[in-house]
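S.K.: What follows is a single structure, and I will ask about it in a moment.
The values are calculated or read from the model by the stated rules, or taken from the named source; none is laboratory data. Predicted model, so just to flag it, every value in this text is computed and none were measured. Cβ: placed from backbone, ideal geometry, glycine included. Neighbour counts: every protein chain shown.
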Amino acid sequence: MAEFTMELSDEQKEVRDWLHGFAADVIRPAAAEWDEREETPWPVIQEAAKVGIYSLDFYAQQYFDPTGLGIPMAMEELFWGDAGIALSIVGTGLAAVGVLANGTEEQIGTWIPQMYGDADDVKVAAFCSSEPDAGSDVASMRTRAVYDEAKDEWVLNGTKTWATNGGIANVHVVVAVVDPELGSKGHASFIVPPNTPGLSQGQKFKKHGIRASHTAEVVLDNVRVPGSCLLGGKEKLDARLARAREKAKKGGERVKNAAMATFEASRPAVGAMAVGTARAAYEVALEYAQTRQQFGRPIIDNQGVAFQLADMRTSIDAARLLVWRASWMAINGKPFTAAEGSMSKLFASETAKKVTAQAVQILGGNGYTREYPVERMHRDSAIYTIFEGTSEIQRLVIARTLAGMPIR
Ligand SMILES: Cc1cc2nc3c(=O)[nH]c(=O)nc-3n(C[C@H](O)[C@H](O)[C@H](O)COP(=O)(O)OP(=O)(O)OC[C@H]3O[C@@H](n4cnc5c(N)ncnc54)[C@H](O)[C@@H]3O)c2cc1C
């Protein structure tokens, strides 16, 4: 276990500064254009691939940083550059994690490289879990996967929604119901390989923020994938289902959802994205407050403005500390006895919404225009309290964890 310190190592500082340089020189200058275009910023993803930021290697290196701070640091810097573009860059990583967490070595080696492509021909991947009637309530998912034993193929049918990179991805990871009797315990994840017949993009959403990130429905109409596309393999699935059935038989014991532990470990990364956006807006507001003159002095000379900046910075730092604590707990295998992962995501995302609104206010009329980036940051920040579990769901998870109640 790494010794406790509040100081980043020289190596971590170096990575952070390198990412910051990319965010400042490549991402930020492109932000307004791709926000307006509402399209995936392929050239920026390609640039990220060229320098090694858009790759599994980079992601894995940060993931295995023994302090746990590699991923949150990377997220904060990239999202400081721009949330929509950064999500286009890290969205594939979110799908890749699904394969890393549940896939066999062969599946990891086969599919993850195809998720990224290479610098000359970049690809993206999508993780498709949410459905029109199964958002917060994941257990009510209806997309069905049925095994065709004669052909050793799985047949997928259903409609996924809100999929980041859905329909434009080279590889889709799809969560589907294999045993409807078991609720969320009866779900399994599948790889849908490139150009599989039956998978198509439904509507592409026109969004309030993070508009450079593609979000769409994914329709699965008799999509046939080989047995080898079931993540983890059939044997493991059968054993897991048998255990779940056994538990269900034993007087309906409420089974702890294993996915919850995974969420506790992944949610701090979303918190770090929110910290990045909040910090970006705060920095713009601070500089503006120091330079904008009204009544013959910089507006920061007014306590009403200065105190807002003090509160903004305080809550950003507090959010980062919660994110770092949860990330450290995750890498060290600490039990999340107070749902510390959810806490960090809740606090950081609410902070981003509040801080970006304060930044708009400090910039006055300019804050309300697209001439200044805080307007976009304010729109972008609204996503953090919605995806990867809404703020209400985070509170529900925290409260039930504190009360020792089952989380379903
Ligand atoms: C831009 C974007 C990208 C996304 N990317 C992906 C992706 O890549 N893959 C993917 O699978 N999903 C993705 N999502 C889906 C996202 O995770 C869901 O939108 C989210 O889980 C909420 O589900 P919902 O939209 O159906 O809202 P609902 O679940 O319908 O919630 C509506 C409101 O009711 C509240 N609510 C619901 N249940 C409770 C309760 N028990 N107690 C109190 N309040 C409650 C919610 O907090 C919310 O305020 C994305 C969403 C967006 C907007």
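S.K.: I'd like to verify a number: residues in segment 69-84 that are within 16 Å of the ligand (Cβ to nearest atom) and of a type in the set (A, V, I, L, M, F, W, C), how many?
M.R.: Total meeting the criteria: 3.
S.K.: If you don't mind, there's one more thing I want to ask. Just for segment 330-351: of the residues that are among the hydrophobic types (A, V, I, L, M, F, W, C) and part of a helix (DSSP H, G or I), which one is nearest to Gly389 (Cα to Cα)?
M.R.: The residue in question is Leu346.
S.K.: Now for a separate question. For segment 28-47, what are the residues that are within 18 Å of the chain's Cα centre (by Cα) and hydrophobic (A, V, I, L, M, F, W, C)?
M.R.: Result: Ile45, single match.
Results for (1) modelled with pLDDT of 95 or more; (2) farther than 13 Å from Ala169 by Cα; (3) within 12 Å of the ligand (Cβ to nearest atom), shown as yes or no for each residue.
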{"position": "Ala86", "(1), (2), (3)": "yes, yes, no"}
{"position": "Val97", "(1), (2), (3)": "no, yes, yes"}
{"position": "Leu100", "(1), (2), (3)": "no, yes, no"}
{"position": "Gln107", "(1), (2), (3)": "yes, yes, no"}
{"position": "Met115", "(1), (2), (3)": "yes, no, no"}
{"position": "Val124", "(1), (2), (3)": "yes, no, yes"}
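S.K.: Moving to a separate point now. Which condition number does Ser140 fail, the rest of (1) away from the ligand (no atom under 13 Å from the Cβ); (2) free of Cβ contacts under 8 Å to residues at least 12 places away in the same chain being met?
M.R.: Unmet for Ser140, out of (1) away from the ligand (no atom under 13 Å from the Cβ); (2) free of Cβ contacts under 8 Å to residues at least 12 places away in the same chain: (1).
S.K.: Suppose the filter is in contact with a strand residue (DSSP E or B) (Cβ under 8 Å, 6 or more places away or on another chain), farther than 30 Å from Gly364 by Cα and not β-branched (Val, Ile, Thr); does Arg224 pass it?
M.R.: For Arg224, the condition - in contact with a strand residue (DSSP E or B) (Cβ under 8 Å, 6 or more places away or on another chain), farther than 30 Å from Gly364 by Cα and not β-branched (Val, Ile, Thr) - is met.
S.K.: Just name the residue that is surrounded by the most Cβ atoms within 10 Å (Cβ to Cβ) out of those in segment 317-344 that are among the charged types (D, E, K, R) and within 17 Å of Glu77 (Cα to Cα).
M.R.: Arg320
S.K.: Oh, and also: Just to confirm my filter: which strands (runs of 3 or more DSSP E) fall fully inside segment 174-241 and include at least 1 residues that are more than 16 Å from the ligand (Cβ to nearest atom) and crowded, with 21+ Cβ neighbours inside 10 Å?
M.R.: Correct list: 215-226.
S.K.: Another question, then. Can you confirm whether Val171 is more than 24 Å from Thr390 (Cα to Cα), within 15 Å of the ligand (Cβ to nearest atom), at pLDDT 95 or above and not assigned by TED's automatic domain parsing to the domain that holds Tyr384?
M.R.: Yes.
S.K.: Taking the criterion of being small (Gly, Ala, Ser) and not in a helix (DSSP H, G or I), would at least one residue in segment 62-83 satisfy it?
M.R.: yes
S.K.: Just checking, how many residues over segment 352-396 are farther than 16 Å from Gly276 by Cα and assigned to a helix (DSSP H, G or I)?
M.R.: Qualifying residue count, segment 352-396: 13.
S.K.: Give the number of residues within segment 115-144 that are surrounded by fewer than 15 Cβ atoms within 10 Å (Cβ to Cβ) and closer than 18 Å to Asp57 by Cα.
M.R.: So the count comes out to 3.
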